[in-house]
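Structure first, then comments.
The values are calculated or read from the model by the stated rules, or taken from the named source; none is laboratory data. The structure displayed is predicted, hence computed values, not measured ones. In this analysis, Cβ positions are derived from the backbone assuming ideal geometry, glycine residues included, and neighbour counts consider all displayed protein chains.
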Amino acid sequence: MAEKVLTAKDYRTDVQNIWCPGCGDFGVLNAIHQAVAELQIPPQDLAVISGIGCSSRLPGYVNAYGFNTIHGRALPIATGVSASRPDLRVLVAGGDGDAYAIGAGHFVHALRRNPNLTYIVMDNSVYGLTKGQGSPTTPVGDPTKSQPFGHSERPLNPLAWALALEVTFLAQAFSGQVKQLKDLIVKGMRHEGFALINVKSPCVTFRGNQEYNYYREHGWNIDKDGHDYHDREAAFRITQEKERVPFGLIWQDENAVSLGKQLELEREKYSKVRQYDNADEVLRTFFA
Amino acid sequence: MKINDLTLTLAGSGGDGVITTGDFITRAASSDGIYCLTQMSYGPQIRGGESSIRVRMSHKQAQSRGDFVDSLLVFSWKDYKRFTDEVELRPGALVLYEEADKESPADFLPADIELRLQAVPFKKIAQEDVGVPLTKNMVALGVLAEIHGFNQERLKQAIMDKYGKKRPEAAAKNIEAFDAGKAWAQEHGPKEERLQLEPNGGERLLVMNGDEALAYGALQAGVRYYAGYPITPATPILHWLQQELPRFGGTVIQAEDEISAITQCVGASWAGVKAMTASSGPGIALMMEAMGLAGMAEIPLTIVNVQRVGPSTGIPSKPEQADLLQALGMHGDVPHAIFAPADVEDCFQVAMEAVACSERYQMPVIILSDQFIGERFESLRGDRFLERVKQVERDLPELSPERKYQRYAFSESGVSPMAVPGLEGGQYITSGLEHDESGAPTSSSEYHQLMSDKRAAKLKGVAEDFDFARVYGNKDAEFGIICWGSLKGAVREAIMRAQDEGLKVAAYVPQLLYPVPQRSLSEFLKGKRKVMVLELSHGAQFYHYLKGYATDLPEEFLSHCRAGGHLFSIEEVLKLIRTHSVSELVA
Ligand SMILES: Cc1ncc(C[n+]2csc(CCOP(=O)(O)OP(=O)(O)O)c2C)c(N)n1
Ligand code: SF4
Ligand SMILES: [Mg+2]
């Protein structure tokens, strides 16, 4: 019998979706359904892991082994999954607060380790789930629930940050452009190592409905513009862009060793110096 | 008559090599059938500070560090000063000290007991006879070997094992120094039988510390993922597993912090690989949120806390038993289990029990060890390990395309088979949110009640399957002592001495702390009129815990506790027994 061809529909679930109508995260969810269908990943071999936030509800809406974990810890949890089960395909999803505020410490170290996973950050520049406080990517001056007279801290630049940390795959997308986002997810999931896709995903409830227009007007499709994603300097320039919002694949390093590879090498090394047939034999190393 | 129990302490500065010397003594004696219990102690300096090593050597498995030091060797009195409150000298004890040290020994030794002082030219021998000042510790080893009758062949073997292959010249010099020390002792040292340790038959023993035993237990239990962040006194677990797990296809990751360590383990276990993390009080505090997640999502997970003096940074190098309430209390009601090993060998077993419990009941399980167990080395019989190996696999579901898999299906035991990624048709959503049987999030308080009931039902099974306690002394005694963890050693030895004095007393040391091992506890409490809980916790945490959670306690339920750091001695416990079991002598 020929294998059944999986379509986007096969990845839907009947878990009730709680997102507001018009939320940018719907576009991300669609793109994911299409991307994993394009990759024909059997649902049982797909792990979708998130932290906490509106965006982090996403795993419930994907037919896969889903894990909606705790705030800010999606990356170490996914690292544990990816390192212990290299046979799985691991997709991580979450918000800007989850990734760049409470999870910032882990973000840095996940990039260093380069586990084989794709991290989709649904960046809406706000804390959606807790109803409208400022986030690490909220522009200065924007009123928020926590700072009604305008957000005062400077936003961080996740793209420049990740590139400086030598991320091995870096992209930015817009949830209103599902096709490009889907293509980037496919590329990210084919990348052996850590793929970061920062997705501008508007929160219509707490930041109004003007952002869709803004990104349409100011979006800059670098894929179409012929950007060379192996050119590190050009990539840095893109992360510094002020007038336009770059969308597309910014940087990729296919040669970096992934965590999974690193662990395999380590296992080989230790196996050479630890020549036991079974765990019982380890006991003899303790004899005086 | 030669002796069969000897407690030896060496003190000096980091560069004096006392730790190496004590280590050689421990390994050589253990290879020759003498049981050792060895503790290292260091000053606060990162390198080169004061250090001391205490070796209790005995013909029987030593239960405690021994109350009194029989033989003390001091390279420098100034360095020794820091350890004076850890070294209780036995009246008549032998004290060997560096002849060239300008300080006066009387300034550092207790005035009220008689001691046998002897200056030894360690430095001079190393410098003039051997030509290498650094070998003075091997001179000392030769002196001690001669005076105390240690197996000299085995000691030389220990020297060769350490230096022979890589640095043959150093090995030769060290052996030369050893012989020079021996020659000195033959001419000038005391030659009394009562200083000589009788050989003990020569069965080869192994040597490990509690952390290593625990790590080995985890390996045997099937743990294949370990993530940890370095912290005294739990670090040896990380070091040992890093050496051993990769060979077995496992993964060890030094995490960026304890939150990462435990959440990595949650991820690995969720993916179907047995996982463990370890830390001490401050790191465990950082892990609490993830333990709640493992509880809510019903993910097997083993968490080791090698307790040290707290709160906060406290005294990292000393033990305390004051993290019990931390281990009990999480945010929300989290059914989980707490196990406590009582000695080094027990660490091996408890690790396997804890992993088995976490896998069978799909819950976080905490092991509360402590610094005194974790970092001390003991000689142990090898045959006691492999016969105990225990592996438990978690229940996997039988999946069929006709039925939707219900991850959290209700069951009497509270356990529902857990699908792991890769199993076709087992896809479900896991979360820290309250959920229905399928795993889908819900905010229904009715479901919260039902699911809380389900999760809590597991505690009954845990108490049935894992109720294991050690009971010592006279079963029918009316006075009983309850303690846990590393206090067992001193209590057990005190009970043996009390029985020699004709006193009736019993002791109860549970391995399972939570849920309350009520079956074994009630059995122990039968006929007890007075029970005392002994612990190293200023706030008497174990006592209050039992008062709140256990039943069948006698009216006279007493607490004897103090802050950690200073261990209870055998003599101290014996005094308590003398005071409290007096009514039985009259009866
Ligand atoms: C430890 C912890 N602190 C705080 C919270 C409350 N909290 C939930 S989601 C959230 C922020 C969500 O923002 P973001 O990650 O950007 O996700 P979004 O809702 O915007 O998609 C916060 C602060 C929590 N759940 N856990
Ligand atoms: S609050 Fe904002 S981010 Fe959350 S679901 Fe609504 S629109 Fe989306
Ligand atoms: Mg957000």
### Query
Which one of A:A104, A:A83, A:A99 is away from ligand 3 (no atom under 12 Å from the Cβ) and surrounded by 24 or more Cβ atoms within 10 Å (Cβ to Cβ)?
A:A83
### Task
Please determine, by comparing only the residues of the range A:79-133 that are of a type in the set (K, R) and within 12 Å of another protein chain (Cβ to nearest Cβ), which one is nearest to ligand 2 (Cβ to nearest atom).
A:R89
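Table: residues versus (1) in contact (Cβ under 8 Å) with a residue 60 or more places away in the chain; (2) touching an Asp or Glu at 6+ places or on another chain (Cβ under 9 Å).
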{"position": "A:L75", "(1), (2)": "no, no"}
{"position": "A:A83", "(1), (2)": "yes, no"}
{"position": "A:N114", "(1), (2)": "yes, yes"}
{"position": "A:Y119", "(1), (2)": "yes, no"}
{"position": "A:P136", "(1), (2)": "no, yes"}
{"position": "A:P139", "(1), (2)": "no, no"}
{"position": "A:L163", "(1), (2)": "yes, no"}
### Query
In the range A:117-163, which residues are under 14 Å from A:G103 (Cβ atoms), in a loop (DSSP other than H, G, I, E, B) and either within 10 Å of ligand 3 (Cβ to nearest atom) or β-branched (V, I, T) (or both)?
A:S135, A:P136, A:T137
### Message
Just to confirm my filter: which helices (runs of 4 or more DSSP H) fall fully inside the range B:361-470 and include at least 3 residues that are touching a residue at least 12 places away in the same chain (Cβ under 8 Å) and over 30 Å from A:L129 (Cβ atoms)?
### Response
B:371-374, B:445-466
### Task
Could you figure out which of (1) more than 16 Å from ligand 2 (Cβ to nearest atom); (2) without any contact (Cβ under 8 Å) to a residue 24 or more places away in the chain isn't true of A:T13?
(2)
### Query
If you take the residues in the range A:111-139 that are β-branched (V, I, T) and over 13 Å from A:C203 (Cβ atoms), which one is farthest from ligand 1 (Cβ to nearest atom)?
A:T118
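Yes/no matrix, rows are residues, columns are (1) out of contact with any His (no Cβ under 7 Å at 6 or more places or on another chain); (2) away from chain A (no Cβ under 14 Å):
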{"site": "B:I366", "(1), (2)": "no, yes"}
{"site": "B:Q371", "(1), (2)": "yes, yes"}
{"site": "B:G374", "(1), (2)": "yes, yes"}
{"site": "B:R381", "(1), (2)": "yes, no"}
{"site": "B:L386", "(1), (2)": "yes, no"}
{"site": "B:V392", "(1), (2)": "yes, yes"}
{"site": "B:L399", "(1), (2)": "yes, no"}
{"site": "B:R403", "(1), (2)": "yes, yes"}
{"site": "B:Q406", "(1), (2)": "yes, no"}
### Query
Considering only helices (runs of 4 or more DSSP H) fully contained in the range B:143-233, which possess at least 2 residues that are of a type in the set (F, W, Y)?
B:168-188
### Residue that is surrounded by the fewest Cβ atoms within 10 Å (Cβ to Cβ) [pool: residues in the range B:270-291 that are over 19 Å from B:L214 (Cα atoms) and facing chain A (nearest Cβ under 8 Å)]
B:E289
### Message
Let me confirm something: among A:L46, A:L88, A:L75, which residue is more than 12 Å from ligand 3 (Cβ to nearest atom), modelled with pLDDT of 95 or more and within 20 Å of B:A294 (Cα to Cα)?
### Response
A:L75
### Query
Only one of (1) surrounded by 18 or more Cβ atoms within 10 Å (Cβ to Cβ); (2) assigned by TED's automatic domain parsing to the domain that holds A:M122 is not met by A:R216, so which one is it?
(1)
### Task
Would you please name the residue that is farthest from B:Y405 (Cα to Cα), looking only at residues in the range A:10-54 that are of a type in the set (S, T, N, Q) and within 14 Å of chain B (Cβ to nearest Cβ)?
A:S50
### Task
Of the numbered conditions (1) free of Cβ contacts under 8 Å to residues at least 40 places away in the same chain; (2) in a loop (DSSP other than H, G, I, E, B); (3) under 23 Å from A:F206 (Cα atoms), A:Q40 fails exactly one; give the number of that condition.
(3)
### Query
What tally of residues in the range A:74-132 results from selecting those that are within 27 Å of A:G176 (Cα to Cα), of a type in the set (K, R) and in contact with a Leu (Cβ under 8 Å, 6 or more places away or on another chain)?
1
### Task
Given the conditions (1) touching a strand residue (DSSP E or B) at 6+ places or on another chain (Cβ under 6 Å); (2) away from ligand 3 (no atom under 16 Å from the Cβ), report the number of the one that A:S201 does not fulfil.
(2)
### Message
Residue under question is A:D87, and the condition is that it be within 11 Å of the chain's Cα centre (by Cα), of a type outside the set (F, W, Y), on the phi < 0 side of the Ramachandran plot and assigned by TED's automatic domain parsing to the domain that holds A:L184; does it hold?
### Response
no
### Query
Has the range B:428-450 got at least one residue that is polar (S, T, N, Q), out of contact with any Lys or Arg (no Cβ under 6 Å at 6 or more places or on another chain) and under 14 Å from B:Q362 (Cα atoms)?
yes
